[in-house]
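Peer 1: To start, I am sharing the structure in question, which I have written as structure tokens.
The values are calculated or read from the model by the stated rules, or taken from the named source; none is laboratory data. Please read all numbers here as calculations on a predicted model, not as lab measurements. A quick note on method: Cβ atoms are made from the backbone with ideal geometry, for glycine too, and the neighbour counts reach across all protein chains shown.
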Amino acid sequence: MSGNSLGSLFCVTNFGESHGPAIGCVIDGCPPGMPLAEADIQGDLDRRRPGTSRHVTQRQEADQVEILSGVYEGKTTGTPIALLIRNTDQRSKDYSEIARTFRPGHADYTYFSKFGVRDPRGGGRSSARLTAPTVAAGAVARKWLATHYGVVIRGYMSQLGPIPMPFASWEHVGENPFFSANADVVPELEAYMDQLRRDGDSVGARIEVVAEHLPAGWGEPIYDRLDADIAHAMMGLNAVKGVEIGAGFKSVTQRGSEHGDEITPEGFVGNNSGGVLGGISTGQPITVSLAIKPTSSIRIERRSVDIEGKPLMVQTLGRHDPCVGIRATPIAEALLAIILADHALRHRAQCGEPVKRV
């Protein structure tokens, strides 16, 4: 009920606050016998962590993960896996000025409206800092999916603010701080972000995530559809305001003769469905696109009210991402991995191994 857990059979519960002593998660339902060590998780955390370039928040967190339970002699035991990431670079004083005010576009107002109290330090529970445990859990799901089914999950940024980034090669993604699949556009992105930072403003982004080599048959009708669960999970990522599966909103202008992916003995001709039909995987790549809003914490003064409803001007100081989308790719990958692992286990529980395609 409290909205801190994701998944049914592969279930991840997230805990902590941005400026608390630690953040982490508990993974319940990971099958036993899979080799697992901190090194299997740390690589994904390093891709997401802050302070990796001048274009993101300069908060310096090592994001070193600790496995507290669920692994014995290097293998998962089938019991809950507890993962802990200690916070080491909090600067809570940066938020003393906004403890009694609400930042426009931020969750300050809604958290206070719901709970009657909020932790203003770094956004508390609503901070993007809480995506680190998600990435850690996603690394476990990703390894299990790759080990048992050969599933490969990758993502990239396809647009930063007004700048589109046409896909060129997966090889480019890990070679620049923007997760861009087109290295030619990186100098333009850097110049744009440098000016944005000088302006004290922020901007949004678009992220693409693709899962390949999964079998047909994962997912459930009607309310537990695979694409519905993917969209649900992605909307749980901070700042996401839109999710598209496959053709997404392009479907509005497509005709049925164009949108419906024809089937031949060699397979599907297209993938407007994004790898899901009737809520069940087709065996094609799962394709997901995310729209991420501009960061709410900016230096430009804006109108708001305090907790007593009195008008005032709000300016947010401290260390913030001018574009939270820059570090969102590993998080989106992790969320997709968690949902796919959950549906793989759910399918196996009901139907056994996936049925071979005709």
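Peer 1: Among the residues of segment 136-174, what is the count of those that are closer than 30 Å to Ala82 by Cβ, in a helix (DSSP H, G or I) and of a type in the set (D, E, K, R)?
Peer 2: The total comes to 2.
Peer 1: For segment 128-144, state whether one or more residues are touching a residue at least 24 places away in the same chain (Cβ under 8 Å) and at positive phi.
Peer 2: Within segment 128-144, none of the residues are touching a residue at least 24 places away in the same chain (Cβ under 8 Å) and at positive phi.
Peer 1: Something else now. Say we look at segment 114-162 and pick out the residues that are polar (S, T, N, Q) and at pLDDT 95 or above; which of these is nearest to Ala181 (Cα to Cα)?
Peer 2: Selected residue: Ser158.
Peer 1: Oh, and also: Please go through segment 179-212 and give me each residue that is of a type outside the set (Gly, Ala, Ser), within 20 Å of the chain's Cα centre (by Cα) and at pLDDT below 95, ordered by number.
Peer 2: Of everything in segment 179-212, just one residue is of a type outside the set (Gly, Ala, Ser), within 20 Å of the chain's Cα centre (by Cα) and at pLDDT below 95, namely Val203.
Peer 1: Among the helices (runs of 4 or more DSSP H) contained in segment 186-262, which hold 2 or more residues that are more than 26 Å from Trp144 (Cα to Cα) and touching a residue at least 60 places away in the same chain (Cβ under 8 Å)?
Peer 2: Answer list for segment 186-262: 186-199.
Peer 1: Something else about it: Quick one: would you say Ser304 is part of a strand (DSSP E or B), out of contact with any Phe, Trp or Tyr (no Cβ under 6 Å at 6 or more places or on another chain) and either in contact (Cβ under 8 Å) with a residue 40 or more places away in the chain or acidic (Asp, Glu) (or both)?
Peer 2: In short, no.
Peer 1: Then there is this: For segment 1-106, list the strands (runs of 3 or more DSSP E) that sit wholly inside it and hold at least 3 residues that are modelled with pLDDT of 95 or more and closer than 30 Å to Tyr223 by Cα; which are they?
Peer 2: Here the list reads 11-16, 22-28.
Peer 1: Do we find a residue being on the phi < 0 side of the Ramachandran plot, among the charged types (D, E, K, R) and exposed (fewer than 13 other Cβ atoms within 10 Å of the Cβ) anywhere in segment 155-172?
Peer 2: There is at least one residue in segment 155-172 that is on the phi < 0 side of the Ramachandran plot, among the charged types (D, E, K, R) and exposed (fewer than 13 other Cβ atoms within 10 Å of the Cβ).
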